[in-house]
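To keep things clear, I will list the structure first and then write my remarks on it.
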């Protein structure tokens, strides 16, 4: 699991943009111009309670893609600005198949679930019994290809023939250096040294399909294949409740996560006693999406306490000296 101490995640490189697009079917004589997608992102930034990892911050990103009318398509592609191998990717379709109660929790709807043995397709049912969509369980070695290109990695998901005319969904989890550095520590100016000794400011900056943040060669490939239009985007950011939300690109919704439900989804290494989910949503058609959030958390150590005490004593000595000097000037 990727984990870093909070104080070690400093400002990252400029390439912080994920790209999503589709590839047209080789049987088609032309590539589709634009494909509509619905995307879901969950960014988890949680303290690890495992004794061997205690005090570490684990970061991972869930990416979900909902696709309809894919008859002219062969693949859904995701560019990550990092060098990945298959150990960095987890298919969450299998999690839904093994723990069907998570479907309603993740999609925040009262869904039924139909799972058949030896099948990779999960039917998600509305309350009237009709099919809302299908979740596809990915075989990472046969359904997914991974290629290093454009200074990062391209994850290509092959669309199964039997789902091309159906509304269906893929969901994967990424654990990698890029995700770990979506949040980075802001270093305050010297004038804020006392505040910096006890409080830590963290900036979370993540972008999707922003053209100015993507390599030009990648943009050319996206245009030659099939650009996408996002009909809806949901972005959830999960943080410890002790981390104070200060600012974001637009105000989020928020709620506390239920411990037992979400431990089953994420794992046993996190307490979930006080985890807040912040939610941003874009429901009008858009071709890019970005999130910028600012948090502040209290932190201290013997080193920072001694530094703060030293600064206070130093300021006291300087103030006393200046006071004596001014008194001497006035009364000489």
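The values are calculated or read from the model by the stated rules, or taken from the named source; none is laboratory data. Computed from a predicted structure; not experimentally measured. Positions of Cβ are backbone-derived with ideal geometry, glycine not excepted, and every protein chain shown enters the neighbour counts.
Set side by side, the residues 106, 65, 76, 124 differ, and just one is over 29 Å from residue 26 (Cβ atoms), touching a residue at least 60 places away in the same chain (Cβ under 8 Å) and crowded, with 17+ Cβ neighbours inside 10 Å, which is 106. Residue-level analysis places residue 138 among those that are touching a residue at least 40 places away in the same chain (Cβ under 8 Å), closer than 25 Å to residue 83 by Cβ and part of a loop (DSSP other than H, G, I, E, B).
Could you list all residues from the stretch 275-293 that are surrounded by 13 or more Cβ atoms within 10 Å (Cβ to Cβ) and not in a strand (DSSP E or B)? 287, 288, listed by residue number. Here the condition is being in a loop (DSSP other than H, G, I, E, B), surrounded by fewer than 18 Cβ atoms within 10 Å (Cβ to Cβ) and at pLDDT below 95; of 268, 260, it holds for 268 alone. Restricting the stretch 294-332 to residues that are in contact with a helix residue (DSSP H, G or I) (Cβ under 8 Å, 6 or more places away or on another chain) and in a strand (DSSP E or B), the residue that is modelled with the highest pLDDT is 297. State which residue is modelled with the highest pLDDT when the search covers only the stretch 39-70 and only residues that are more than 15 Å from the chain's Cα centre (by Cα) and under 16 Å from residue 159 (Cβ atoms). Only one residue tops the list, namely 66.
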